[in-house]
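Engineer: Would you mind keeping the following structure in view while I ask a few things?
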Amino acid sequence: VKWWLKTTSVRRVLCLPYLPADPIVGLTVKELFNVPLCTYIMDDKNVCTNGIPDSLMEELLTQSDLRLVISPEMREAYEKKYGLKFYLLPPLVSDELLRRSPSHQLNGVKPRRCVLIGNIWGQRWLDLLRKTFRNSGFQVDWYCNQKNPRALSFDRADLERDGIRLLDPISEDDLPATLSHYAYAIVPSDT
């Protein structure tokens, strides 16, 4: 970390703990440069999952000058577990990506085809999604941010027979126009 940041003027640290290395790097930068540390938990990798060990998460959170989470439920869970104050900051969307008036142009929209918004975090999630849509008559277009997600095991043809079509990633700038071609979206959020 010292080598990577040797020519950088660091004024603050924002740590989004996803992998165990993230808290280590955040804490190291805070210590090396004596700067404020903000921890922003966007993906739970500690309370409901075992991604980051309790001792490491506790050190990160107690050393943080500001602790943010994306939802009231996450705030409640982390405050209960660690006895520390967390503040709510939902993920934000750039203003230029927002439409201010509803779109009534649903010409050509297939009512039984939807788009998946969000992430498939593991094989269990993909298996649940496949089971849900298999033989339902509904279809899902999945614009995955990875062309071939390495953490997931599936055959593309089998996936498509289950009603899920894996498509190439699209840029965030193209996302609003793409989403407007669907009658609805699904957001995987666990069981």
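Engineer: Rounded if a/c is under 1.5, else prolate if a/b beats b/c, else oblate: with a ≥ b ≥ c from the C-alpha gyration tensor eigenvalues square-rooted, which is segment 113-173? Write out the running numbers ahead of the final one.
Structural biologist: On the way: a/c = 1.68, a/b = 1.25, b/c = 1.35.
Cα axes put segment 113-173 in the oblate bin.
Engineer: Then there is this: Got the relative contact order for segment 14-77 handy, in percent, Cα pairs under 8 Å and 6 or more residues apart?
Structural biologist: It rounds to 37 percent for segment 14-77.
Engineer: Using the heavy atoms of the protein chains alone and a 1.4 angstrom probe, what is the accessible area of the chain per residue in square angstrom? Mind dumping the intermediate values first?
Structural biologist: Numbers: 12890 Å² over 191 residues.
Computed with neighbouring chains in place, this is 67 Å² per residue.
Engineer: What is the sum of charges around Asp155, taking Lys and Arg as +1, Asp and Glu as -1, for the other residues whose C-beta is under 12 Å from the C-beta of Asp155? It would help to have the intermediate numbers written out before the result.
Structural biologist: Details: positive: Arg130, Arg156, Arg161; negative: Asp158, Glu160, Asp162.
The answer is 0.
Engineer: If you don't mind, there's one more thing I want to ask. Could you list, bin by bin from short to long, the percent of Cα-Cα pairs of segment 1-45 in 10 Å steps?
Structural biologist: For segment 1-45, the binned pair fractions read 29, 54, 17, 1 percent.
Engineer: Sticking with this one: Let me have the relative contact order for segment 38-159, percent, based on Cα pairs under 8 Å that are six or more residues apart. Mind showing how you got there, number by number?
Structural biologist: Working: 94 pairs, mean separation 21.6, N = 122.
Computed over segment 38-159, the figure is 18 percent.
Engineer: Rg and Dmax of segment 1-118 over Cα atoms: what are they, in angstrom?
Structural biologist: When restricted to the Cα atoms of segment 1-118, Rg and Dmax are 18.9, 57 Å.
Engineer: Calculate the spin-label point distance for Leu84 paired with Val47, positioning each point 7 Å from the Cα along the beta-carbon direction, and give it in nanometres.
Structural biologist: It works out to 1.4 nm between the two label points.
Engineer: Using a probe of 1.4 angstrom, how much of the accessible area of segment 41-191 is carbon and sulfur, in percent?
Structural biologist: Of the solvent-accessible surface of segment 41-191, carbon and sulfur hold 49 percent.
Engineer: Straight-line reach from Lys81: which aspartates and glutamates have a Cα under 14 Å away, not including same-chain ones fewer than 8 places off?
Structural biologist: Answer for Lys81, where 14 Å is the Cα cut-off: Asp44, Asp54, Glu58, Glu59, Glu73, listed by chain and number.
The values are calculated or read from the model by the stated rules, or taken from the named source; none is laboratory data. Remember, it's a predicted structure, so these values are computed and weren't measured experimentally. A quick note on method: Cβ atoms are made from the backbone with ideal geometry, for glycine too, and the neighbour counts reach across all protein chains shown. Remember, those area values only see protein heavy atoms, side chains included, never the ligands or the DNA or RNA. Shrake-Rupley method; radii C 1.70, N 1.55, O 1.52, S 1.80 Å.
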